[in-house]
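The values are calculated or read from the model by the stated rules, or taken from the named source; none is laboratory data. Model, not experiment: these values are computed from the prediction. Because the Cβ atoms are built from the backbone with ideal geometry, glycine has one as well, and the counts that use them run over all protein chains shown. SASA here: full protein model, heavy atoms, side chains in, ligands and nucleic acids out. Shrake-Rupley method; radii C 1.70, N 1.55, O 1.52, S 1.80 Å.
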Amino acid sequence: MARSGDFDKYQWWQFVLHILSAVTAGLNMMSLVTVAAVPEHRCEIPSVDVNKTMAALNFSTLATYIPLKSPDQFDSCSTYDLTTNNSIKCSSWVYNTTYHPSSRAIEWDFVCDRRWMGAVSQSSYMLGVFVGCLILGNLADKIGRKPVFCWSALLQLILGVGVAFTSNYYLFLAVRFVYGIFGSAGSYLAGFVLTMELVGPSKRSVCGIAFQGVFAFGIMLVAVWGGIIKDRQLLQIVYGLHALLLVVHWWLMDESPRWLWANGRHKESIDIIQKALDINGSPITINKAEFVSKGQAHQRTRSSKGAGLTDLFKTPNLRKKTLNVCLCWFANSLVYYGLSLSTGNIKGNPFVILFIMGLIEIPGYVLTILLMDRLGRRFLTCFNMIIGGFCCIIAVSFTIGSLVSVSFVFLGKFLIACSFAIIYNYSAELFPTVIRNSALGLGGMWARISGALTPLITLLDSFDPKIPCIIFAVIAIISGFLTMFLPETLGREMPSTIEDGEKFGLGDTCFTNFLGRRKISQTESKLSMNEQLKPLNTSEKV
């Protein structure tokens, strides 16, 4: 008998609509790397650097004006007082405009004592994403995934273009903050949850990891457009216009049938299921009255109505899982963005380096897809985090910027990108439907707290270049170890109610069940759309 299956025509079309949000999320998140790039710079030399243009001087000539920081490196923040020959801090700078003729950093001098301004600019966006995860994640569980997705898409379009025209630094920070709420939180988290609730277990791994791959593609787009467009204002406008990909979703995208069903909107849920069956070519016709009657009588669903963020902490098992997962999000984000934002410290074409930073994630995601359904989510997450943390330690053990050091930076980014991708799937599968978006929003919130801290932590390299990487490594290793105490979700049906979520994974740790190998019932191993509605006739897979 024809059936909808885990991933047929309808699921494919909706998945494409959902995953476009990952393109704009990745692009918006990393846009400041090019729009506010800090090029090579030094103090301005009066009468030598004409029209704010860095004069080409040989080493010995430049040494008469600029003091040395090391035998082969000039101090970018000091100059000689030509009267007293003493070293003094400079108040104006010139920049190497080979790669970045225009940049917010050049306009507002995000260098030396003003370096904090660039870090705060990135942190303001991350704090916006933090607020978006907290508010919009919970809102999506209250009013639905689709409204949050679509309104976020419209607002990220307006803000993404509008931020290009801000001329005041503090107004820029304010707009960036609001931009973060909708640019990399609302549509992205709602779209991810929509996909997780639409496809069956056999496709959750592939679809979930695909989101992270497309997020990396968004980062690669930042590099591509940055290499083509040299004017920072036009570049930001182009970045913002990518949200046009999402604004038509209101007419094309459906709400989650799982969310509708769990929130008592049974008729709408069944209508979408029937639409999916029709598009997938199934001859099955659902008896709406029968399913609505059964749904209304379903006490477990009714008892979980009104569930929210606080339910993650009310019961012991959910509370332990929530705290552990939040630390996992925090650690992954800290290392991921710490390594991504450090591209300016690597010598070479910054656009090529940023492109490679995004590209290197793709083979990792392919490998993760191949291994996730064999080794499980828990093992891969803790392995990648622990080894990725040690890569950070090894990277700073060698000369920073050397081939060996850069190689371990890339390897660390490769591993952390893999674990960061898994944690999205893992979180969606650990928590019940009625608070799934809230759980992802809470995890995303902690990821953005660490994302906001990351630019500030990188400023510690002024004391010792090794400090930021050591901090990243220690937190990643600790979180990787604690991940061993989470239950495995491989092949298991996602919990639906608060009661299901509390019972899920009791007694299952890496020490009691190493790779998640166990006998899984037929009910757990096969989730189809009629199982979402708990039909009376379980022999027909809708």
At 0.36 nm per residue, and after removing the present C-alpha to C-alpha distance, how many nm does the segment from Gln73 to Trp108 gain when stretched out fully?
10.2 nm
Classify region 137-227 as rounded, prolate or oblate from the Cα gyration tensor: take a ≥ b ≥ c as the square roots of its eigenvalues, call it rounded if a/c is under 1.5, otherwise prolate when a/b beats b/c and oblate if not.
oblate
Distance (nanometres) between label positions extended 7 Å along Cα→Cβ at Glu40 and Gln233:
2.9
Run the 1.4 Å probe and let me know the accessible area of Ile387, rounded to the nearest 10 Å².
60
From highest to lowest solvent-accessible area (probe 1.4 Å; ligands, DNA and RNA excluded), Thr489, Thr84, Thr315 read Thr84, Thr315, Thr489
Sorted by accessible area with a 1.4 angstrom probe, largest first, how do Trp251, Trp13, Trp151, Trp261 fall?
Trp251, Trp151, Trp13, Trp261
List, in the order given, every pair from Lys320/Lys503; Lys146/Lys275; Lys142/Lys267; Lys413/Lys466; Lys320/Lys413 whose Cα-Cα distance in the structure shown is over 20 Å.
Lys320/Lys413
Two-site label geometry, Leu323 and Ser91: point separation in nm, points 7 Å out along Cα→Cβ:
5.3
For region 322-403, run through the trypsin sites (Lys or Arg not before Pro) and keep only the ones in DSSP coil with at most 16 other Cβ atoms within 10 Å of their Cβ.
Lys347
Tabulate in residue order the Karplus-calculated ³J(HN,Hα) for region 110-115, using 6.51 cos²θ - 1.76 cosθ + 1.60 with θ = phi - 60°, rounded to whole Hz; enter x for Gly and Pro.
7, 9, 6, 5, 9, 4
Highest average packing first - 442-452, 214-224, Cβ atoms within 10 Å
442-452, 214-224
If we count every other residue with Cβ under 9 angstrom of Ala190's Cβ, Lys/Arg +1 and Asp/Glu -1, where does the sum land?
+2
Given the peptides 92-99, 14-21, 186-193, 69-76, arrange them by the average over their residues of other C-beta atoms within 10 Å, most packed first.
186-193, 14-21, 92-99, 69-76
Mean Cα-pair separation over length for region 340-455, i.e. relative contact order, pairs under 8 Å, 6 or more apart, %
26
From phi via Karplus (6.51, -1.76, 1.60), per-residue ³J(HN,Hα) for region 44-59 in Hz, x at Gly/Pro:
6, 9, x, 6, 9, 8, 8, 6, 6, 9, 5, 6, 7, 10, 6, 4
Could you work out how far apart the two model spin labels at Trp116 and Val352 are, taking each label as a point 7 Å from the Cα in the direction of the beta carbon, and quote it in nm?
3.7
Given the convex hull over the Cα atoms of region 328-405, what projected area results after averaging over all orientations, in nm²?
5.6
Taking placed amide H atoms and a strict 5 Å upper bound, the residues 5 or more places from Arg42 or on another chain that come that close are Val94
Other residues with Cβ under 10 Å from the Cβ of Cys43 give, with Lys and Arg +1 and Asp and Glu -1, a net charge of -1
With Cα extents along the principal axes in Å in mind, check (1) 79, 63, 62; (2) 132, 55, 53; (3) 92, 48, 38 and report the label derived from this structure.
(3)
Interchain or long-range residues, amide H under 5 Å from Phe504's placed H:
none
Ordered by packing density, taken as the mean number of other Cβ atoms within 10 Å over each peptide's residues, highest first, how do 356-364, 32-40 rank?
32-40, 356-364
What Kirkwood hydrodynamic radius, in Å, does region 384-469 give when the mean of 1/r is taken over all pairs of distinct Cα atoms and then inverted?
14.6
Would you mind checking which residues have amide H under 5 Å from Phe74's amide H? H placed 1.01 Å from N; only 5 or more apart, or other chain.
Lys69
Convex hull volume of the Cα atoms in region 1-127, per residue, in Å³?
165
Please give the helix 201-228 orientation as an angle from the longest Cα principal axis of the chain, in degrees from 0 to 90, rounded to the nearest 10.
20
Tell me, what HN-Hα J-couplings in whole Hz come from the Karplus equation 6.51 cos²θ - 1.76 cosθ + 1.60 at θ = phi - 60° for each residue of region 85-99, using x for Gly and Pro?
6, 8, 7, 10, 6, 8, 10, 9, 10, 10, 10, 7, 9, 4, 9
